[in-house]
Amino acid sequence: MTFQANWSYPTTIKFGPGRVKELGEACLSLDIKNPLLVTDKVLAQLDITQIALEILKASGFNGTIFSDVDPNPNELNLEAGLTAYRKGNHDGVVAFGGGSGIDLGKMVAFMAGQKRPVWDFEDIGDWWTRADSAAIAPIVAVPTTAGTGSEVGRASVITNSKSYEKKIIFHPKVLPSVVICDPELTVGMPPFVTAGTGLDAFAHCVEAFSSPHYHPMSQGIAVEGMRLVIENLPKVYSSPKDIEARSHMMSAAMMGATGFQKGLGAIHALSHPIGAMYNTHHGTTNAVCMPAVLDLNASEISHRFDQVAGYIGVQNGFKGFCAFVRDFNASLHVPMKLRDLGVVNVDLEKLTEAALKDPSCSGNPITLNSENIAQLIKDLL
């Protein structure tokens, strides 16, 4: 099978090995004359980033980079990025990297022309209409991991450095105009990152599939996304240079992020504040939380998994799926408890309150309250 394709759903996607060479062309197609490449601190030092900068330079651009991006990007990173963007008279953003780099890059483009603080655009009601759409800079996204799917997302997650709350900032035009998905860029991920990002994609698909909201298109996408992760994550974990499996994982990541238009749930309602307070890896935190959340939601979702278990490669319906998830985590060396991620000395009341504030709660099949959230946390510690 040839893993080269051009897609227009949910945005323009140039997919396939070697497609990063088209980065300059992508910028020109959006009439970007002076792009700022935004990535994280670690990725900035790696060869794939230098290659991307050289491609930009070969296309006549300056090849300017901003990389003051933390693993859980916050408003301080955003302010620094906006300063760099304005000082350099940039007119577009190349959001390059995993979820952190892409989320921050999207926010730099979004906030470059806004006059209100970023928190005024949180994903609450119609707050996104407060933004000046015409002032949002064009975005080219280049993912280097296969997990968050931020490259096809209409939002970014930004941590409030004072309250340690993760906030979802939403606007339809935050969706990148062009995405370059080159699976060769993901080959260098260490096993821990390969597992954690892949399990993030898996959590997106599982929660989208479980959500009670009506969105048949997302429902179908989530099913195939689960199947692709189940089949291909073990392959890339053990054989990092398997380009075919890497391609499928990049597709699954985008499917998860497209699918969760239907909703997320308790997995993300927990992992967002845990990540903000304890700086844990998002995808790995999702994986640790998943078994307990499946148990909580069993009465509302078991019949759905009974219907699709065979297709996604799992035996014995929902019961078999729950057992599979535990074995899947173990095979990827994911710990069973949050304490193994450094989540200790927990203020149960504070964490419970933070989880209940997360907008992901609205997509959980079982109504979440202080009692069942607190019990989940106790079970996971």
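The values are calculated or read from the model by the stated rules, or taken from the named source; none is laboratory data. Remember, it's a predicted structure, so these values are computed and weren't measured experimentally.
At-a-glance table
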item: Count - residues of the range 1-29 that are hydrophobic (A, V, I, L, M, F, W, C) and over 17 Å from Lys57 (Cα atoms); result: 6
item: The range 157-211, residues that are assigned to a loop (DSSP other than H, G, I, E, B), modelled with pLDDT of 95 or more and of a type outside the set (A, V, I, L, M); result: His171, Pro176, Ser177, Asp182, Ser211
